[in-house]
Amino acid sequence: MNPFQVLAHKYDIFNAADIPAYVEFIRKAFEKADIDVREVLDVGCGTGVITVRLAELGYDMTGVDASSEMLDECRRKKGSEGILLLMQDMRHMDLYGTVQAAVCTFDSLNYLSTADDLKSVFASVSLFMEASGIFVFDVNTKYAYENVYGDNCYVCEDGGDMLVWQNFYSKSSRRCRFVLTLFEEKNGSYVRSDEVQTEKYFSGRTIAGALDKCGFDILGIYGSTDMTPVCDDSPKAYYICKKRG
């Protein structure tokens, strides 16, 4: 449940997501709430790149993550001073009050191991969410694991630093193993760091069933943050859900 230790300080650099577009997608999703959204929970907030942006828009943010290294990166960000950051397992969160909305971004849910874990996260979010609140999250799709990741290898560069990202996907277990090797240039030589992460593919049916059991209705599933419909070759699925009540 804590895959980010070695690479926490480089996460934002190698994260290729369009952050402003994602934040705008979330803001529009919050407009679908029947209540005024003030307090927002960021589940698996990581380095806080989304958390801080939402705080800048005026939301009262709480960020939960299991990685102390990622939370430390968040605390270093300008604008993080008023954000409540909690090091907790997303399956068993314990907040100080309720929220009107929650987000879980950058395939954080795919780091869970089982469908029961997924249901536990949804139940934990539901426990602290007010009725008619909005839950926004994304997951990697079957297309992403079989075609984008698969058994492919990618190399990302940042100045003198380099990240080698090898993928190994098993269709039978629906698990993808990421072998990450970071080379950082320091004083004319390179320092190597290695980390192995595992993600799991959850089908749309599994996700929908878990949401329903935890009191959420799906308002929309999109293939990108511009709210185009999800399709067979969408690498990500973006969900907007509302808590019943």
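The values are calculated or read from the model by the stated rules, or taken from the named source; none is laboratory data. Please read all numbers here as calculations on a predicted model, not as lab measurements. For neighbour counting, all protein chains shown are included, and Cβ atoms are generated from backbone atoms with ideal geometry for every residue, glycine included.
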Worksheet item: Based on what the data block shows, is SER172 out of contact with any strand residue (DSSP E or B) (no Cβ under 7 Å at 6 or more places or on another chain) and small (Gly, Ala, Ser)?
Response: yes
Fill in: Matching residues in region 198-245 - criterion: being in a strand (DSSP E or B) and small (Gly, Ala, Ser)
GLY220, ALA237
Response to the item:
Checked pairs for region 1-21, first among the small types (Gly, Ala, Ser), second part of a helix (DSSP H, G or I) and at pLDDT 90 or above, C-beta under 7 Å and 6 or more apart or across chains, list as ALA8/GLU69; ALA8/MET70; ALA8/GLU73
Worksheet item: Between a first residue in region 195-220 that is more than 25 Å from PHE128 (Cα to Cα) and a second residue that is of a type outside the set (Asp, Glu) and assigned to a loop (DSSP other than H, G, I, E, B), which pairs have beta carbons less than 7 Å apart while being 6 or more apart in sequence or on different chains?
Response: GLU195/GLN5; GLU195/VAL6; GLU195/LEU7; GLN197/PRO3; LYS200/LEU112; LYS200/SER113; LYS200/ARG174; TYR201/ARG174
Response to the item:
The number of residues in region 105-148 that are within 21 Å of LYS213 (Cβ to Cβ) and assigned to a loop (DSSP other than H, G, I, E, B) is 4
Worksheet item: Within region 215-238, restricting attention to residues that are hydroxyl-bearing (Ser, Thr, Tyr) and within 14 Å of LYS28 (Cβ to Cβ), which residue is nearest to the chain's Cα centre (by Cα)?
Response: TYR238
Worksheet, complete the sentence: Pairs returned, first residue in region 52-72 that is assigned by TED's automatic domain parsing to the domain that holds VAL99, second residue that is in a helix (DSSP H, G or I) and among the basic types (Lys, Arg), beta-carbon separation under 9 angstrom, 6 or more apart or interchain, are LEU54/ARG27; LEU57/ARG27
